[in-house]
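Structure record follows, encoded as structure tokens.
The values are calculated or read from the model by the stated rules, or taken from the named source; none is laboratory data. Note that the structure is a prediction, hence the values are computed from the model and not measured. Don't worry about glycine lacking a Cβ; one is built from the backbone with ideal geometry, like all the others, and counts go over all protein chains shown. Each accessible area value is taken on the protein alone, full model and side chains, heavy atoms only, with ligands, DNA and RNA left out. Shrake-Rupley method; radii C 1.70, N 1.55, O 1.52, S 1.80 Å.
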Amino acid sequence: MPHQQGTDHVRRALRNLQAESPAPVGWPHRAQQSYWYCTPAGLAEAAASGELAPTVGRTTGRRAAGKTGLREHGLALVDTVVAFHQAEVADYADWQVEVAHPTPAGNLVPDGVVLLAGGSSAFVEIDRTMSYARLVAKLERYDAYRNAPVSGRGNAARAPRSHWQETYAGPSLERPFPVVLFVFAPAPRRAAPTTREAAFHERARQVGSVNYRLTVATTTLPLLTRDRADRRVWRVVGNGHGEERRALAALPKAR
């Protein structure tokens, strides 16, 4: 509602919804009315609207709304989704959150998977407080997913495929492995997002497939929300790219 100024209108609408029975929205504590979540009734209403893709295991977000670390991480992801939507890079309904992907090293669970406007997909990771070792371990899990052996027997018309090929490569394997995007968000008592982004680059370029079979790019949440997701806000991880920032459409394709 761009014609509405401030948040009073939205807060009033949320309070009206909360007064319904059954209430489609709620908040974890009366002192935290800035943080709202969908109740089971709200999720059922959203699913019935047809705006969301059918899925199973959808949760209400009550736990995330009531726990500071999860809440702030979730809000950073929401800000990222909004930035992509406003730039018309991806619709808000074209996101999946925390979907498990099998690898020989255990499941890979991205913070988000987004279907981009051009038809390709991207993995999105939000970082606020994770250690560099855990970030690199997550990137190595993407490497394991990319290089996982094929599964199934295939048939006369089609050779067997790996999970990522079956899910993201398209019917003719014309699409490369999805780009992996890291968004560094502010957090109290942590280094600035740009500092953490630079430190991550130093470590991530050591991962085997990066800059060859994996395209990895980074940005900061302040830069993303200020300059739009389709602008020159992304830094590519790998030798030879320096400090240059590129538009999302100009990122190199994985081989």
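Table for the structure above
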| quantity | calculated |
| --- | --- |
| Derived scalar couplings ³J(HN,Hα) [segment 83-95; Karplus, 6.51 cos²θ - 1.76 cosθ + 1.60; whole Hz; x for Gly, Pro] | 4, 5, 5, 5, 7, 6, 7, 7, 6, 4, 7, 9, 10 |
| Choice from Tyr92, Tyr35, Tyr168 showing the highest fluctuation, given a GNM over the chain with Cα pairs closer than 10 Å | Tyr35 |
| Accessible area of segment 99-255 divided out per residue, in Å², using a probe of 1.4 angstrom | 49 Å² |
| Stokes-Einstein diffusion coefficient of segment 1-118, Kirkwood radius over Cα pairs, 25 °C, 0.890 mPa s, in µm²/s | 152 µm²/s |
| Rotationally averaged projected area of segment 81-166 (alpha carbon convex hull; nm²) | 7.0 nm² |
| Net charge dipole size for segment 142-255 [Lys, Arg +1 and Asp, Glu -1 on Cβ; Debye, nearest 20] | 60 debye |
| Modelled FRET efficiency - R0 41 Å, Ser34 with Val150, Cβ distances, 0.05 increments | 0.30 |
| Extension reserve of the Ala93-Ala133 stretch, reckoned as 0.36 nm per residue once the Cα distance is removed | 11.2 nm |
| Computed FRET value (nearest 0.05) for Ser172 with Lys67, which takes r as the C-beta separation and R₀ as 30 Å | 0.10 |
| DSSP beta bridge pairing in segment 122-255, given as percent antiparallel to the nearest 5 | 30 percent |
| Residue-by-residue Karplus 3J(HN,Hα) for segment 134-140, coefficients 6.51, -1.76, 1.60, Hz, glycine and proline x | 6, 5, 5, 4, 5, 5, 5 |
| Simple Cβ-charge dipole of the chain, Lys/Arg +1 and Asp/Glu -1, about Cα centre, in debye nearest 20 | 580 debye |
| Sequence ranges 214-223, 8-17, 37-46, 107-116, ranked by mean other-Cβ count within 10 angstrom, highest first | 214-223, 107-116, 37-46, 8-17 |
| Calculated diffusion of the chain, Stokes-Einstein form, Kirkwood radius summed over Cα pairs, 20 °C and 1.002 mPa s, µm²/s | 108 µm²/s |
| Pairwise FRET efficiency - Gln5 versus Ala48, Cβ, R0 = 35 Å, nearest 0.05 | 0.65 |
| Fraction of antiparallel bridges per DSSP, segment 68-182 only, in percent to nearest 5 | 70 percent |
| Cα lying deepest toward the dipole's positive end in segment 200-255, options Leu251, His201, Val233, charges on Cβ | Leu251 |
| Surface share of carbon and sulfur [accessible, 1.4 angstrom probe, percent] for the chain | 51 percent |
| Listed residues Thr167, Leu75, Val210: farthest to the positive end of the dipole of the chain (Cβ charges) | Val210 |
| Linear extension gain, Arg161 paired with Thr60, 0.36 nm per residue minus alpha-carbon span | 32.9 nm |
| Fraction of antiparallel bridges per DSSP, the chain only, in percent to nearest 5 | 55 percent |
| Translational diffusion coefficient (Stokes-Einstein; Kirkwood radius from C-alpha pairs) of segment 94-223 at 25 °C, 0.890 mPa s, in µm²/s | 156 µm²/s |
| log10 of Debye I(q)/I(0), alpha-carbon scatterers only, for segment 191-255 at 0.22 Å⁻¹ | -0.92 |
